[in-house]
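So the structure is just underneath, and the comments pick up after that.
The values are calculated or read from the model by the stated rules, or taken from the named source; none is laboratory data. The shown structure was predicted, so the numbers you read here are calculated from the model rather than taken from an experiment. Cβ atoms come from the backbone with ideal geometry, glycine included; neighbour counts cover every protein chain shown.
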Amino acid sequence: MLIKVPSVVNLGLETIKVDVEVNLANRGLPGFEIVGLPDKAIDESKERVRAAISSSGVDFPSKKITVNLAPADIQKEGSIYDLPIAVGILSSVLQFSIPDKSLFLGELSFDGSLRHTKGALLMALFAKEFGFLNIFVPKDSANEAGAVKGIKVFPVENLIQLAGYFLKRKNIEPVVYHKILNEISTPVEFDMREVLGQEQAKRAMEIAAAGSHNIIMMGSPGSGKTMLARALPGILPPLNETESLEVTKIYSVAGNIQPGGSLITARQFRAPHHTASLVGLIGGGTRPSPGEVSLAHRGVLFLDEFNEFPHNVMEAMRQPLEDGYLTISRSKKRVMYPANFMLVASANPCPCGYLNHPKKDCVCTLRQIKKYQKRISGPILDRIDLHIAILPVDTTEFSNNQKNSELLESSKIIKQRVILAKIRQEKRFEKDSIQSNAQMKNTHIKKYCKLTKDIENLLHTASIKFQLSARSYMKTIKVARTIADLEGAEEIAVSHMAEALQYKPKIYDTV
Amino acid sequence: MDKVIKIEDKEYPKLLKEIGNDAPKKLYYKGKWNSDIFENCLAVVGSRHLTSYGKKITEQFVTEIAALGITIVSGFMYGGDEAAHSATVRIGGRTIAVMPCGIDIIHPEYQEGLYNEILEKNGLIISELEGKFLPVNWTYARRNRIVAGLSKAILIVEAGLNSGSLITAKYAKKYGRKIFAVPGQITSEVSKGTIQLIKEGAQVATEPGDILKYYNLSPVKTSLTKQNLALSKEEQKIIEQLKREPMEADIIARTLNVSVVKIGATLSLMQLKGFINQESGKYYVN
């Protein structure tokens, strides 16, 4: 007897339908075989299915069982086929029919219950696109799949419950689609008002957050670079619906969504250590999975001690920094992951860290300093919009008023300005395929950044005086656009452009 | 064939011969040996880690002094030495670089551009070491005695304690040369050496004229002083602050009680107009 149970396979972020064909033959010796390029996890699913069915109080049929995962030439992986295989066997034993236009996914436990499984959201999206009506997923993954409108998501607790439903003895209430309106506030380590001094750096953070600009901070240890970066999530605008879905997709594939979790609505803040491997950061592996750059999609990738990162890792970030996605090519598969992140980097000016420090003496030789600074290559620096030098703050110089953090601007107030600037950008780029000022290409700049003669002259003088590269020239205009957006101005004014020049690439002079 | 001057030669610098046993027996050189280059020499030395203040002062002093034909002698190291040499060649003055290594080596090698420029402007590269003798710890210190020996006076802009510049000063004292030291902030690491010299009796130099007087020259009034004509009130206030000491944007904003957003824009514009300049995060008046 042949039973077909539809499921899916996720290749990167692409989803393909897989038919799980279960054949129970009366002839031949009893056995259990899975074919169709399964990996080790699928092969082991035999044992899980056998145990789960037995613990559910059903006699495991002593027949020759063969499972085929069609199409047979695509490599399949993971534990998601436990449920479809078990459903196939049960439908033969208990004589129920599987409803039309349904997809199944889930990992089984030995006791017959279902465990949280990755990829539920992608299957739900696939179901919607290709006209499937019902999907059956583990209860813990149901909220994730429930973020997709227009399909019925059945949260399955265990095999007994599911069999009962198919035999029309029990009912499973589908998860109700609910649009997530209010953002769940994620705890932030620091509020911007806790950072004393560093007004210009804070302002640069605000601009970066508003326009998704890449930013680099250079300064001695203890000057507050890391604290500023850690305070950044508190001023980031929330994700809009499309962005949220994009991010959740990546997290779903990577299996990074908590059991019971749903759509991710806050921008993600990823801070990999500088010992991270190339694959860990960029993504890949024999089974290509998203790396940190993709997990930071639409969010922040914070690289502390930027020049301690291995050269190859740093250079591999050029493509995602420029294009907003990256392609991982392996001999057998090719997957594309979005990686449109905002890079926040921090670096010391020299190996000992105290170059230009007002109190401490730098003990590095010029050669060491040059070598150290050269670790961040020109092409990478050129892709960073905002450059700021961070000098240590002497708190004894503050007046009592200036020291009182209650009087300083809180992250909440800054965030409101950022959100308004973000809305302006969304409106502006409605018809374009970009979301933020940082993504503007030259055609967009021509269209949206009209410069008066005065400003053009100013920029021209600046480009000669500061020796700006052509890319930096364009970046300055983009930053000025964001500054104008923060102020709510339609056109870029001289003051906006002049401020933008504050964040131009700096030469960290050593002599 | 190496170009070399021996101690018994007529062309050997007189002042250097006076230092007796310390005088090198031979001097290898690159460039055109012209005895009058040694007539009025001033050694200018400074820390390898020159601050923006030190750099500015070195350039200002050297420019005015070298313009009057005084030869600037230094050690070709990066930092203070480099600033002194390049300020001299920039206004077309003559300068002598005393190398800590064999005459055929350029050290540090990335200053090759400066090396060639010194020769182009009729300067000299000299060393007591021949061929490809590599620079080692002791050659730097030995080299300093030649720097001091060649000069009538020495000017130390910035120096840390236990620095090479203080070794030069020690030699200068031994040979009876006049020592000028530029004071800096007492908290600055690279001013501790110069302040120690002042305590020990070195003459304080606060303007090029102080040194020129010693050479019986008077400073030329340059018409370079900028007129603060087109400055707004705010800009004037900023200049006033920066004249006291270089500052970063945050501190300017804090002292003037203006938002950093506004200050940032103003600073950029002032920088473009050429009133101020920025280095390693701090602004200073040109």
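Counting only residues that are in contact (Cβ under 8 Å) with a residue 60 or more places away in the chain and among the β-branched types (Val, Ile, Thr), which one in segment A:303-361 is nearest to residue B:53 (Cα to Cα)? Among those that are in contact (Cβ under 8 Å) with a residue 60 or more places away in the chain and among the β-branched types (Val, Ile, Thr), it is A:344.
When restricted to residues that are touching a residue at least 60 places away in the same chain (Cβ under 8 Å), more than 9 Å from chain A (Cβ to nearest Cβ) and of a type in the set (Lys, Arg), segment B:239-286 contains 0. Consider segment A:120-137. How many of its residues are more than 18 Å from residue A:82 (Cα to Cα), surrounded by 24 or more Cβ atoms within 10 Å (Cβ to Cβ) and either in the same structural domain as residue A:247 (by TED's automatic domain parsing) or not aliphatic (A, V, I, L, M) (or both)? Selection size over segment A:120-137: 0. The one condition from (1) part of a loop (DSSP other than H, G, I, E, B); (2) within 12 Å of chain B (Cβ to nearest Cβ) that residue A:500 does not meet is (1). With respect to (1) under 29 Å from residue A:441 (Cα atoms); (2) under 22 Å from the mean Cα position of the chain (by Cα); (3) touching a residue at least 40 places away in the same chain (Cβ under 8 Å), the lone exception for residue A:201 is condition (2).
Here is the figure for segment B:117-157: residues that are polar (S, T, N, Q) and surrounded by 23 or more Cβ atoms within 10 Å (Cβ to Cβ) total 3.
Condition check for residue A:406 on (1) touching a residue at least 60 places away in the same chain (Cβ under 8 Å); (2) in a helix (DSSP H, G or I); (3) touching a helix residue (DSSP H, G or I) at 6+ places or on another chain (Cβ under 7 Å): one failure, at (3). Among the conditions (1) farther than 20 Å from residue A:201 by Cα; (2) in a loop (DSSP other than H, G, I, E, B); (3) not aromatic (Phe, Trp, Tyr), the only one that residue A:384 does not satisfy is (1).
Inside segment B:240-286, residues that are within 20 Å of residue B:54 (Cβ to Cβ) and either among the polar types (S, T, N, Q) or assigned to a strand (DSSP E or B) (or both) make up a count of 11. Check whether at least one residue in segment A:344-360 is within 10 Å of chain B (Cβ to nearest Cβ), surrounded by fewer than 15 Cβ atoms within 10 Å (Cβ to Cβ) and touching a Ser or Thr at 6+ places or on another chain (Cβ under 9 Å), and report yes or no. Yes, some residue in segment A:344-360 is within 10 Å of chain B (Cβ to nearest Cβ), surrounded by fewer than 15 Cβ atoms within 10 Å (Cβ to Cβ) and touching a Ser or Thr at 6+ places or on another chain (Cβ under 9 Å). Given the condition touching a helix residue (DSSP H, G or I) at 6+ places or on another chain (Cβ under 6 Å), within 14 Å of chain A (Cβ to nearest Cβ), crowded, with 20+ Cβ neighbours inside 10 Å and over 21 Å from residue B:171 (Cα atoms), answer yes or no: does some residue in segment B:86-106 qualify? Yes. Against the condition among the polar types (S, T, N, Q) and either at the interface with another protein chain (Cβ under 10 Å from one of its Cβ atoms) or in contact with a Lys or Arg (Cβ under 7 Å, 6 or more places away or on another chain) (or both), how does residue B:52 come out, does it pass? The answer is yes for residue B:52.
For residue A:242, the test of being in contact (Cβ under 8 Å) with a residue 12 or more places away in the chain, β-branched (Val, Ile, Thr) and either outside any loop (DSSP other than H, G, I, E, B) or out of contact with any helix residue (DSSP H, G or I) (no Cβ under 9 Å at 6 or more places or on another chain) (or both) is failed.
Candidates in segment B:52-105 are the residues that are of a type in the set (Ser, Thr, Tyr) and not in a helix (DSSP H, G or I); of these, the one that is farthest from residue B:180 (Cα to Cα) is B:78. Scanning segment B:161-183 for residues that are more than 22 Å from residue B:99 (Cβ to Cβ) and under 15 Å from the mean Cα position of the chain (by Cα) yields B:179, B:180, B:181, B:182, B:183. Can you spot a residue in segment A:450-462 that is in contact with a Lys or Arg (Cβ under 6 Å, 6 or more places away or on another chain) and within 14 Å of chain B (Cβ to nearest Cβ)? Checking segment A:450-462: not a single residue is in contact with a Lys or Arg (Cβ under 6 Å, 6 or more places away or on another chain) and within 14 Å of chain B (Cβ to nearest Cβ). With respect to the stated conditions, residue A:408 fails to be touching a strand residue (DSSP E or B) at 6+ places or on another chain (Cβ under 7 Å) and of a type in the set (A, V, I, L, M, F, W, C). Away from chain B (no Cβ under 14 Å) and either more than 30 Å from residue A:109 (Cβ to Cβ) or β-branched (Val, Ile, Thr) (or both): is that true of residue A:138 in this structure? No, not satisfied. The test for being in a helix (DSSP H, G or I), over 30 Å from residue B:27 (Cα atoms) and in the same structural domain as residue B:35 (by TED's automatic domain parsing) does not hold for residue B:165. Looking only at segment A:327-345, residues that are assigned to a loop (DSSP other than H, G, I, E, B), under 16 Å from the mean Cα position of the chain (by Cα) and farther than 22 Å from residue A:245 by Cα come to 0 in all.
Considering only residues that are in a helix (DSSP H, G or I) and more than 10 Å from chain B (Cβ to nearest Cβ), look in segment A:387-400 and name the one that is modelled with the lowest pLDDT. Looking at residues that are in a helix (DSSP H, G or I) and more than 10 Å from chain B (Cβ to nearest Cβ), I get A:400.
Applying a threshold of 9 Å to beta carbon distances and a minimum spacing of six or more residues, or different chains, the list of pairs starting in segment B:93-107 at a residue that is outside the structural domain of residue B:148 (by TED's automatic domain parsing) and ending at one that is part of a strand (DSSP E or B) is empty. A single member of B:164, B:123, B:149 is within 14 Å of chain A (Cβ to nearest Cβ) and either β-branched (Val, Ile, Thr) or within 26 Å of residue B:57 (Cβ to Cβ) (or both), and it is B:164. Could you tell me whether residue A:415 is part of a helix (DSSP H, G or I), more than 13 Å from chain B (Cβ to nearest Cβ), of a type in the set (D, E, K, R) and buried (at least 16 other Cβ atoms within 10 Å of the Cβ)? Yes: the conditions hold for residue A:415.
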